[in-house]
1. So which strands (runs of 3 or more DSSP E) stay within the stretch 132-224 end to end and still have 3 or more residues that are within 21 Å of residue 78 (Cα to Cα)?
2. Write out, first by first residue and then by second, each pair whose Cβ atoms fall under 8 Å of each other, whose residues are 6+ apart or on separate chains, and whose first residue, in the stretch 12-41, is at positive phi and among the aromatic types (Phe, Trp, Tyr) while the second is assigned to a loop (DSSP other than H, G, I, E, B) and modelled with pLDDT of 95 or more.
3. Could you please find all residues in the stretch 168-220 being at pLDDT 95 or above and either at positive phi or touching a Pro at 6+ places or on another chain (Cβ under 6 Å) (or both)?
4. When only residues in the stretch 170-188 that are of a type in the set (Ser, Thr, Tyr) and under 13 Å from residue 131 (Cα atoms) count, which is surrounded by the most Cβ atoms within 10 Å (Cβ to Cβ)?
5. Which residues, counting only those in the stretch 328-348, are outside any strand (DSSP E or B) and either surrounded by fewer than 21 Cβ atoms within 10 Å (Cβ to Cβ) or of a type in the set (Gly, Ala, Ser) (or both)?
6. Right, residue 68: in a loop (DSSP other than H, G, I, E, B), closer than 24 Å to residue 349 by Cα and within 17 Å of the chain's Cα centre (by Cα) or not?
7. Based on this model, can you work out whether residue 267 counts as under 30 Å from residue 137 (Cβ atoms) and either surrounded by fewer than 24 Cβ atoms within 10 Å (Cβ to Cβ) or without any contact (Cβ under 8 Å) to a residue 24 or more places away in the chain (or both)?
Amino acid sequence: MDSVMAAPDAPPQAVVLVSAGASHSVALLTGNALCSWGRGEDGQLGHGDAEDRLVPTVLSGFDAPGIASVICGADHTTAYSEEELQVYSWGWGDFGRLGHGNSTDVFTPQPVKALQGLKIKQIACGDSHCLAVTMAGEVQSWGRNQNGQLGLGTTEDSLLPQKIQAFEGVCVKMIAAGAEHTSAVTEDGDLYGWGWGRYGNLGLGDRNDRLFPEKVSSVEGEKMVLVACGWRHTITVSESGTMYTYGWSKYGQLGHGDFEDHLVPHKLESLKDSTISQISGGWRHTMALTSEGKLYGWGWNKFGQVGVGNNDDHCSPVQVHFPEEQKISQVACGWRHTLALSEKKNVFSWGRGTSGQLGNGEIVDRWSPYSALAQCLTLFYEETQYLIFAIYTLPSY
């Protein structure tokens, strides 16, 4: 251990979840605290200014109670207060992605008034659009819509959340947002895609856009339970834990051992003996977590975002190793960096680091979680709040 900052009688706070955007990162901590780090030019960090942060910094001015989730878009962020039944958003406001009825950038969390009072099950943020699934299985969407990614039947941007009427009578379980496309799974296990489809990323067997959600028929008999979107590819997992990918694969991000696009969901044979419990898609890379806590990555790796100690692209899954073989409980892909949370509540980061998005106080890329591990601890005082690190330097493999 190189350095530890500590203070007497300061209770550590556990990290609950992490999320990653284009060049920024966020975390939800126990004690209802949010922290953020990385690029802040558009207000996506929520600190009231446009400064980058090289280490996680608590949003001291945000005191909404009962925060249940925090999700990054490319250059904006959303959070949901379960206690207030209120969605908050901040960051780059272009195309109405914040849902505030305008295109203004916002530098501190502000309520999305159109969603007030809704019980939200999940929020998904893409490059420039967002969606929210209610506990009743309805879907609201807002933001950029040039390819129909909002599912409203038009290509007009929406500055305010609108209900996707095409899902009337359908109970949506989970939603995922890519750069310009959207995918969903229903409580019945059906898979849908809409928006930009040029690389087959909608899974509908062609390269056409869709303005409304359309059911993917090529996985008949398989009930889907998870879905995630990369920039222009899609990942889904069946009830049995089997993983499928489709869409753009120029950098091997589909994981099938080649660089060929797939226009319909294609089973990932290399992980067929693993039960996949969580998935995440980056700009051009993919991560998958197994029920045993093992993490695999593949795809574009120019900045080490796959986390396997090199910067070679990988067209098949490669296991990511952690100190003491810690089991991973959550993974989040940014555009060019990746975050992981271990069962021991340690936060790992790797990949692009030039905006401070790795949170280790540096502005360099890291090819492996071993290179510089930041174990997040939080100290709270009556006058101030800040996040500190125990920095470990570990050998790269």
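The values are calculated or read from the model by the stated rules, or taken from the named source; none is laboratory data. This is a predicted model, so every value here is computed, not measured. FYI the Cβ positions are ideal-geometry reconstructions off the backbone, even for glycines, and counts take in every protein chain you see.
1. Because the criterion is at least 3 residues that are within 21 Å of residue 78 (Cα to Cα), the strands (runs of 3 or more DSSP E) in the stretch 132-224 that meet it are 139-143, 158-163, 172-177, 181-186.
2. none
3. 169, 189, 192, 194, 195, 200, 203, 205
4. This residue is 182.
5. Listed by number, the residues that qualify are 334, 343, 344, 345.
6. no
7. yes
Condition check ((1) under 28 Å from residue 89 (Cα atoms); (2) among the hydrophobic types (A, V, I, L, M, F, W, C)) across all residues:
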site	(1), (2)
159	yes, yes
165	yes, no
177	yes, yes
185	yes, yes
198	no, no
